[in-house]
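Colleague: My questions all concern the structure below.
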Amino acid sequence: MKKVTIIGAGPAGLTAAYEILKNTNKYEVTILEQTDRIGGISCTVCHNGNYMDLGGHRFYSKCDDITRWWHQVPGITLQKNKRKSEIYYNKKFFDYPIKADFKNLSALGLKEPVLIVVDYIKAWIIKREEKSLEDFYINRFGKRLYELFFKNYTKKVWGVSPDKISPDWGSQRVKGLNILEIIKDSIKSALHIKDDRGAQTSLIEWFYYPLYGPGELWTSIAHEIEKMGGKIKKNCRVSKLLTERNTISGVSYLFDDTEVPEHTDILISSMPIRDLISGMENVPDNIRKISDGLVYRDFITVGVLLKDINIKTDDCWIYMQDKSVTMGRIQIFNNWSESLVKDPDKTVWLGLEYFCDKGDELWNKSDREMADFAVNELIKTGIISDKSVVSDTHVERVEKAYPAYFGTYNHMQEIREFLDSFENLYCIGRNGQHRYNNMDHSMLTAFECVKNIMNDNKCKDNIWKVNTEREYN
């Protein structure tokens with residue numbers, strides 16, 4: 001039996017292992033996971049009976065195979081949720097995605113809608129050359145709407161101005177969304193026309209969600225993998241890749257400070273590309289330089305359990321566009337699934353999300369300092385009155401949650417060609433491809449990877465093409 005080694009027990013790695021074991025008995029499959037958790041950034045954390053989804057992961061895909069796959073996971077109930085989010089800006093709440101309706105137009109006032117339309121017409125007539133994410137947004141929304149609802153929030157997420165970020169981020173996350181799509185969606189909404197199949201992913205109005213968060217589903221998949229004979233080794237951080245000509249012959253991982261070598265015939269990697277290449281020997285200088293220059297954004301979620309809250313909302317997320325707070329988003333876990341909350345009738349369980357860089361001021365705060373900082377920002381917004389309504393807090397930090405589209409990202413093609421030169425190496429998932437994939441995109445890269453392995457196809461183009469088209473199947 002050939003040995004398949006998979007780095008990472010996130011959605012991509014787990015999907016690849018499951019698909020291999022389900023479809024053939026020709027391979028011995030081992031997953032090496034550097035943490036003690038299953039699910040990667042799609043894991044679910046339990047604190048004092050309350051569950052936290054780190055980042056919020058909606059189960060929605062335009063690929064029917066993915067949707068069917070989710071629904072066939074043993075023991076998992078997927079409830080259908082209405083998607084509702086709002087933007088908090090200038091101490092007012094706006095629909096997200098923004099709608100051209102009375103509520104939002106009246107909140108903007110008389111002047112702003114006129115400026116938005118005028119600037120959009122200008123942008124429609126005179127298109128910018130798209131050298132940056134800023135150009136991408138202005139071409140689709142006009143300068144005024146971009147400055148109101150995109151510029152500051154994007155800077156919060158990435159820590160740099162949108163004019164320093166590649167337009168690729170917009171093409172993969174916003175895709176075909178623009179003002180005309182917003183108006184069309186607003187009209188459909190007013191007429192109660194439901195048709196998400198043709199909608200931009202940013203405009204979908206419903207999604208599926210496991211009762212106890214995405215971690216419940218991925219833990220179930222991990223059990224299925226082990227039942228089929230696969231191995232999942234936790235707390236094993238891959239540190240070295242052993243190469244022979246154009247193949248990966250093995251890996252070394254650290255377990256309890258001991259370096260353990262392991263032979264492999266096929267390597268599937270969902271680990272960050274920068275870490276992957278740093279563990280290789282005989283890497284060309286230009287490739288190592290590009291790899292070392294890849295940038296990642298880290299992430300902190302502060303769970304806050306409240307006895308009372310000043311707003312009544314059925315939002316899943318509130319996007320904090322307002323400059324007065326550092327906070328990026330608020331997750332309201334009660335509205336994702338009441339099962340996430342120990343006592344949903346008497347408490348509100350929030351996840352306050354912060355984007356940061358490992359080692360910066362936010363990251364270096366102690367858990368107590370970070371919780372106090374987050375609660376004070378919540379008070380500043382008026383969402384809670386004072387600290388007396390807070391009954392519990394919990395802090396989670398996630399490294400390399402978001403691969404960035406600046407730094408040396410513009411040279412990713414050279415990185416890809418180098419990695420593809422190893423015949424038995426397949427890069428999948430968000431960090432494995434340094435691409436801001438949704439969960440379903442990461443799973444699709446695993447599907448394509450397994451298809452190649454089964455067919456002995458050494459070309460990796462189909463894997464890299466996932467989430468590069470405006471519409472995907």
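The values are calculated or read from the model by the stated rules, or taken from the named source; none is laboratory data. Please read these numbers as outputs of a predicted model, since none were measured by experiment. Glycine also receives a Cβ, built like all others from the backbone with ideal geometry; neighbour counts cover every protein chain displayed. We work out accessible area using only protein heavy atoms, side chains counted, and drop any ligands, DNA or RNA first. Shrake-Rupley method; radii C 1.70, N 1.55, O 1.52, S 1.80 Å.
Colleague: Residues to consider are LYS3, LYS62; find the one that is basic (Lys, Arg), closer than 26 Å to ASN235 by Cβ and open to solvent by less than 40 Å² (accessible area, probe 1.4 Å). Quick ask: steps written out before the conclusion?
Modeller: On the way: LYS62 fails: closer than 26 Å to ASN235 by Cβ.
Going through LYS3, LYS62 in turn, the sole match is LYS3.
Colleague: Mind listing whichever residues of segment 92-110 are aliphatic (A, V, I, L, M) and surrounded by 13 or more Cβ atoms within 10 Å (Cβ to Cβ)?
Modeller: We begin by selecting, within segment 92-110, every residue aliphatic (A, V, I, L, M); these are 98, 100, 105, 107-108, 110.
Correct list: ILE98, ALA100, LEU105, ALA107, LEU108.
Colleague: Keeping to segment 34-55, report how many residues are open to solvent by 40 Å² or more (accessible area, probe 1.4 Å), farther than 15 Å from LYS342 by Cβ and among the polar types (S, T, N, Q).
Modeller: Going through segment 34-55 one residue at a time, the tally reaches 2.
Colleague: Search segment 66-82 for residues being of a type outside the set (A, V, I, L, M, F, W, C) and surrounded by 13 or more Cβ atoms within 10 Å (Cβ to Cβ), and hand back the single one that is nearest to THR15 (Cα to Cα). Can you show your working first?
Modeller: Going residue by residue through segment 66-82, those that are of a type outside the set (A, V, I, L, M, F, W, C) are 67-68, 71-72, 74-75, 77, 79-82.
Right, trim to surrounded by 13 or more Cβ atoms within 10 Å (Cβ to Cβ) and you get 67, 77, 79, 81.
On the way: THR67: 13, THR77: 18, GLN79: 21, ASN81: 24 Å.
Of everything passing the filter in segment 66-82, THR67 is nearest to THR15 (Cα to Cα).
Colleague: Shifting gears a bit: Residues that are among the aromatic types (Phe, Trp, Tyr), closer than 25 Å to PHE299 by Cβ and at pLDDT 85 or above: list the strands (runs of 3 or more DSSP E) wholly contained in segment 65-167 that include at least 1 such residues. So that I can check it myself, show each step before the final result.
Modeller: Values: elements: 78-82, 85-89, 92-96.
Filter on segment 65-167 gives 85-89, 92-96.
Colleague: So, GLY351, is that one under 20 Å from VAL466 (Cβ atoms) and touching a strand residue (DSSP E or B) at 6+ places or on another chain (Cβ under 6 Å) or not? I'd like the intermediate steps shown before the answer.
Modeller: Working: under 20 Å from VAL466 (Cβ atoms): no; touching a strand residue (DSSP E or B) at 6+ places or on another chain (Cβ under 6 Å): yes.
Taking the combined requirement at face value, the residue does not satisfy it.
Colleague: Checking the structure you have, find out if any residue of segment 14-33 is open to solvent by 10 Å² or more (accessible area, probe 1.4 Å), without any contact (Cβ under 8 Å) to a residue 60 or more places away in the chain and closer than 16 Å to LYS451 by Cβ.
Modeller: Yes, there is a match, as at least one residue in segment 14-33 is open to solvent by 10 Å² or more (accessible area, probe 1.4 Å), without any contact (Cβ under 8 Å) to a residue 60 or more places away in the chain and closer than 16 Å to LYS451 by Cβ.
Colleague: Among the listed residues PRO162, PRO113, PRO167, identify the single one that is more than 21 Å from the chain's Cα centre (by Cα), of a type outside the set (Ser, Thr, Tyr) and surrounded by 16 or more Cβ atoms within 10 Å (Cβ to Cβ). First the steps, then the outcome.
Modeller: Details: PRO162 fails: more than 21 Å from the chain's Cα centre (by Cα); PRO167 fails: more than 21 Å from the chain's Cα centre (by Cα).
None of the others qualify; the one that does is PRO113.
Colleague: Taking strands (runs of 3 or more DSSP E) that fall entirely within segment 228-282, which contain at least 3 residues that are free of Cβ contacts under 8 Å to residues at least 60 places away in the same chain, within 16 Å of THR35 (Cα to Cα) and open to solvent by less than 40 Å² (accessible area, probe 1.4 Å)?
Modeller: Values: elements: 231-233, 237-244, 247-255, 258-263, 266-269.
Where strands (runs of 3 or more DSSP E) fall fully within segment 228-282, none carries at least 3 residues being free of Cβ contacts under 8 Å to residues at least 60 places away in the same chain, within 16 Å of THR35 (Cα to Cα) and open to solvent by less than 40 Å² (accessible area, probe 1.4 Å).
Colleague: While we're looking at this one, here's another question. Being touching a residue at least 60 places away in the same chain (Cβ under 8 Å) and open to solvent by 10 Å² or more (accessible area, probe 1.4 Å) is the filter here; which residues of segment 149-159 pass it?
Modeller: Pass one, segment 149-159, residues touching a residue at least 60 places away in the same chain (Cβ under 8 Å): 149, 152-153, 156-159.
Matches in segment 149-159: PHE149, ASN152, TYR153, LYS156, VAL157, GLY159.
Colleague: Has segment 129-139 got at least one residue that is of a type in the set (Ser, Thr, Tyr) and open to solvent by 30 Å² or more (accessible area, probe 1.4 Å)? Talk me through it step by step, then tell me what you get.
Modeller: So in segment 129-139, the residues of a type in the set (Ser, Thr, Tyr) come out as 132, 137.
Filter once more, so that each one left must be open to solvent by 30 Å² or more (accessible area, probe 1.4 Å): none.
No, because not a single residue in segment 129-139 is of a type in the set (Ser, Thr, Tyr) and open to solvent by 30 Å² or more (accessible area, probe 1.4 Å).
Colleague: Here is a further query. Mind checking which pairs have a first residue in segment 379-405 that is without any contact (Cβ under 8 Å) to a residue 60 or more places away in the chain and a second that is of a type in the set (Ser, Thr, Tyr) and open to solvent by 60 Å² or more (accessible area, probe 1.4 Å), Cβ under 8 Å, 6 or more apart or different chains?
Modeller: That search, which allows pairs on different chains as well, returns ILE379/SER385.
Colleague: Mind listing just one residue for me: the one in segment 285-333 that is part of a helix (DSSP H, G or I) and among the polar types (S, T, N, Q) and, of those, surrounded by the fewest Cβ atoms within 10 Å (Cβ to Cβ)? Write out each step before concluding.
Modeller: Step one: filter segment 285-333 for residues part of a helix (DSSP H, G or I), giving 285-292, 333.
Now narrow it down to the ones that are among the polar types (S, T, N, Q): 286, 291.
Values: ASN286: 11, SER291: 24.
It comes out as ASN286.
Colleague: For segment 83-91, check the following and say yes or no: at least one residue is basic (Lys, Arg), open to solvent by 30 Å² or more (accessible area, probe 1.4 Å) and under 30 Å from TYR212 (Cβ atoms).
Modeller: Within segment 83-91, the subset basic (Lys, Arg) is 83-84, 91.
Restricting the remaining residues to those that are open to solvent by 30 Å² or more (accessible area, probe 1.4 Å) gives 84, 91.
Next, only the ones that are under 30 Å from TYR212 (Cβ atoms) stay: 84.
Checking segment 83-91: at least one residue is basic (Lys, Arg), open to solvent by 30 Å² or more (accessible area, probe 1.4 Å) and under 30 Å from TYR212 (Cβ atoms).
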